[in-house]
Amino acid sequence: MTEFITSEREHGCGPGSYASGTRRTARANFMMRLKTAGSYEKQKEMISPASKKNALKPKKAPIVYIGMNGFARDEAETLGDANMDHGGVRAVTPSRDQDKAKAGGSVHDLKETGGRESFASALGLDPEKAVKVAELLAGSKTALELGIDPLENARDEIAKVVKIYSQAEKGDFTMERVVLSGHSAGRAIWGDGNGMIDFSVFVKLAEIFPKAAGQVEDLMISACNTGGKQSIEQYFRMFPNLRTIWAYDGSSPGSWSGAMKHLKIWEKASEGKDPAKVDKELAKETRKGENVTTWNSVEGYKGKQ
C-alpha cells in the first residue's frame, strides 16, 4: 500500500522585515487565539477514542518516503510494494500547487502568515506545537529580511511531512524507516522545478515532535553527496535513535538507472532488528554501488575503499 499525502502531480544529480518584537507579539497573539478557540481540546476529544482503539491493535510501520524529484511516485510505489506486509509507504511527493496545503477540509496558503497559522491550527496540535509549526513554515527570519525565501516551493512538502510527524507523535503508526530522495550537495534535498528542504528543517521537526523523530531507526538518503563520513553526524540531530544509515559519497543513481534497485535492497536489509544487515556490500555489482556508504550501530561507518 502506498499512501500519498494528498493527490499530487510530479515535477522532473546535482546541486541548490520581521522585527523581533513584532514576531514575538505575533507569536503570543497566535497562541492566545489557539487557547481561546479551544481547537486543541476539541481535537483531543475527537482523537482520543481512536487512539485508545489503536492501542489495542498491532502498530503498523509504513516507510516514510519524502521525494522531491520527477519520479518520486515511482520510487514510493516501489517501496510500498516491498513493504506491503508492514504498512506500505506514507509518501510525500511534489505538489501541483506549490506552497499550499490541505488540512481540516480547507486549502491553506503557506506563503501567508494567516495560512500558516490556519494550517497549524487545523492539525489539532497543542498550542505550543502549533505555534512552532507555523514558525517553521515561515522560514528563516534573517533570510526573509534579506529578501530571500529559502522555503519557496518547498512549504507544501514540508507541510505534508508535518502531518506525518504529528500522526506518528500521536501514535497513529510508528515511523521506523525514512527515505529522503532528490538532488543534494550534502546539506539539503531539492528537485528540478521544485523547492529545497534543508536538513535543519528535520532538526527542528525533531524538536517539535520528539516522539516521532525518536521512532526512526533506519535512514536512506537517495541523493548525491550525502554519505561522506563528515556528513553522518548531522543525521543523528534529525533522528536521534538511528541504528542504520545508507547514503552516497559522490553521485547516486537515477530513479530508473539504479535507485529503484537500491531502494529494494535497502528495504529488505533494514526490515527486522539486525542493524548489521544494512551493509554497503549489498550494492556491490550494481550501478553506482561503489558510491554507497553505510553506517550501522554494530559495525560503524563503511565508506569508499
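The values are calculated or read from the model by the stated rules, or taken from the named source; none is laboratory data. Source: prediction; values computed, not measured. Reconstructed Cβ throughout: ideal geometry from the backbone, glycine too, with neighbour counts over all protein chains shown.
So residue 200 clears everything in (1) of a type in the set (Gly, Ala, Ser); (2) touching a strand residue (DSSP E or B) at 6+ places or on another chain (Cβ under 9 Å); (3) at pLDDT below 95 except one condition, right? Which one? Here residue 200 clears every test but (3).
Considering the range 255-283, the residues that are of a type in the set (Gly, Ala, Ser) and surrounded by 15 or more Cβ atoms within 10 Å (Cβ to Cβ) include one that is nearest to residue 68 (Cα to Cα), namely 255.
Remark: pairs (first residue in the range 250-279, more than 23 Å from residue 185 (Cα to Cα); second residue assigned to a loop (DSSP other than H, G, I, E, B) and among the hydrophobic types (A, V, I, L, M, F, W, C); Cβ separation under 7 Å; 6+ apart in sequence or on different chains) = 269/278; 270/278; 275/298; 276/298. Filter the range 84-121 down to the residues that are in contact with a Lys or Arg (Cβ under 9 Å, 6 or more places away or on another chain), within 21 Å of residue 152 (Cα to Cα) and among the small types (Gly, Ala, Ser), then identify the one that is surrounded by the most Cβ atoms within 10 Å (Cβ to Cβ). Looking at residues that are in contact with a Lys or Arg (Cβ under 9 Å, 6 or more places away or on another chain), within 21 Å of residue 152 (Cα to Cα) and among the small types (Gly, Ala, Ser), I get 120. Can you spot a residue in the range 139-146 that is at pLDDT 95 or above and of a type outside the set (A, V, I, L, M)? No. Would you please name the residue that is nearest to the chain's Cα centre (by Cα), looking only at residues in the range 63-83 that are crowded, with 24+ Cβ neighbours inside 10 Å and farther than 18 Å from residue 269 by Cα? Here the answer is 66.
Residue pairs whose Cβ atoms lie under 8 Å apart, sitting 6 or more positions apart in sequence or on different chains, and linking a residue in the range 187-215 that is of a type in the set (Asp, Glu) to a partner that is in a loop (DSSP other than H, G, I, E, B), are 192/11; 192/12; 192/69; 192/70; 198/150; 198/187.
Being closer than 24 Å to residue 139 by Cβ and aliphatic (A, V, I, L, M) is a property that residue 232 lacks.
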